[in-house]
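Q: Submitted below is the structure of interest, expressed as structure tokens.
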Amino acid sequence: MTHTIREVSLDEIMKINGKIPEFEEEPRLKFETKLANKNHLLIAAYIEQQPAGYLIAYDKFGDGSIYCWMAGVIPSFRKQGILSQLMDYQDQWAQSKGYNKIKIKTRNNRRSMLSFLVKNDFYFTEVNAGDTIEENRISLEKKL
Ligand SMILES: CC(C)(COP(=O)(O)OP(=O)(O)OC[C@H]1O[C@@H](n2cnc3c(N)ncnc32)[C@H](O)[C@@H]1OP(=O)(O)O)[C@@H](O)C(=O)NCCC(=O)NCCS
């Protein structure tokens, strides 16, 4: 099966976001506001031309890092390496722009994401309490 990663518009990201059950429907304005005036990357993965997942990263901190803000894969396309491909594209893009680190924040109950991050050289930097232990926010980073 042909997998491709492409840089896409925010409209395309919003369509894919709607197909990821763990994510709430978000207003487009929220995305626009976060990314305004920030160097950013919007990418989507396709399997046989079908959208399978997306990733948004942007220069949140202005400290030489890129922040991976959102990443999700549509359930029927999971466990086929889509997240790995999105992350690889992000890493190469960030390196080509001179960034030296990827930062990310996730929740304690996002177990697949945490597995991915540990396996792929991310280190824990901080834990912020949520309403429950499962909701705790976990920050991680990886050197490029
Ligand atoms: C997390 C998510 C993006 C993973 O996408 P994916 O395309 O299925 O991931 P990949 O196939 O690229 O997996 C790569 C690695 O991640 C880890 N991983 C992914 N899914 C996993 C699972 N269900 N259980 C354990 N490890 C998992 C594994 O290490 C895997 O490598 P392996 O297949 O060699 O074992 C997807 O499950 C998802 O969209 N979840 C809901 C939304 C979410 O939690 N997003 C993250 C918010 S921060």
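The values are calculated or read from the model by the stated rules, or taken from the named source; none is laboratory data. It should be emphasised that the depicted structure is a prediction, and the values quoted were computed from it without experimental measurement. Counting neighbours? That spans all protein chains shown, and the Cβs are built from the backbone with ideal geometry, glycine included.
Q: On the given criteria, is TYR99 more than 9 Å from the ligand (Cβ to nearest atom), under 13 Å from the mean Cα position of the chain (by Cα) and either hydrophobic (A, V, I, L, M, F, W, C) or within 22 Å of ARG6 (Cα to Cα) (or both)?
A: Values: more than 9 Å from the ligand (Cβ to nearest atom): yes; under 13 Å from the mean Cα position of the chain (by Cα): no; either hydrophobic (A, V, I, L, M, F, W, C) or within 22 Å of ARG6 (Cα to Cα) (or both): yes.
No: the conditions fail for TYR99.
Q: If you don't mind, another one. Please state which of the following conditions SER84 fails to meet, knowing it meets all the rest: (1) within 12 Å of the chain's Cα centre (by Cα); (2) in a strand (DSSP E or B); (3) under 23 Å from ILE20 (Cα atoms).
A: (2)
Q: Being touching a Pro at 6+ places or on another chain (Cβ under 8 Å) and either polar (S, T, N, Q) or at pLDDT 95 or above (or both): is that true of PRO51 here?
A: On the way: touching a Pro at 6+ places or on another chain (Cβ under 8 Å): no; either polar (S, T, N, Q) or at pLDDT 95 or above (or both): yes.
For PRO51, the condition - touching a Pro at 6+ places or on another chain (Cβ under 8 Å) and either polar (S, T, N, Q) or at pLDDT 95 or above (or both) - is not met.
Q: Can you tell me how many residues within segment 25-50 are surrounded by fewer than 16 Cβ atoms within 10 Å (Cβ to Cβ) and not charged (D, E, K, R)?
A: 8
Q: Still on this structure: Hey, can you tell me all the residues within segment 64-87 that are without any contact (Cβ under 8 Å) to a residue 12 or more places away in the chain and more than 7 Å from the ligand (Cβ to nearest atom)?
A: Of the residues in segment 64-87, the ones without any contact (Cβ under 8 Å) to a residue 12 or more places away in the chain are 76, 79.
Residue satisfying the conditions is SER76 alone.
Q: Separate question: Of all the residues that make up segment 1-37, how many are within 15 Å of the ligand (Cβ to nearest atom) and in a loop (DSSP other than H, G, I, E, B)?
A: 10
Q: Could you count how many residues in segment 102-113 are near the ligand (Cβ under 9 Å from one of its atoms) and out of contact with any Ser or Thr (no Cβ under 8 Å at 6 or more places or on another chain)? Break it down stepwise before answering.
A: So in segment 102-113, the residues near the ligand (Cβ under 9 Å from one of its atoms) come out as 104-107, 109-113.
Checking which are out of contact with any Ser or Thr (no Cβ under 8 Å at 6 or more places or on another chain) leaves us with 106-107, 109-112.
Here the count works out to 6.
Q: So for segment 3-24 (the condition being over 12 Å from the mean Cα position of the chain (by Cα), touching a residue at least 60 places away in the same chain (Cβ under 8 Å) and buried (at least 17 other Cβ atoms within 10 Å of the Cβ)), does at least one residue qualify?
A: yes
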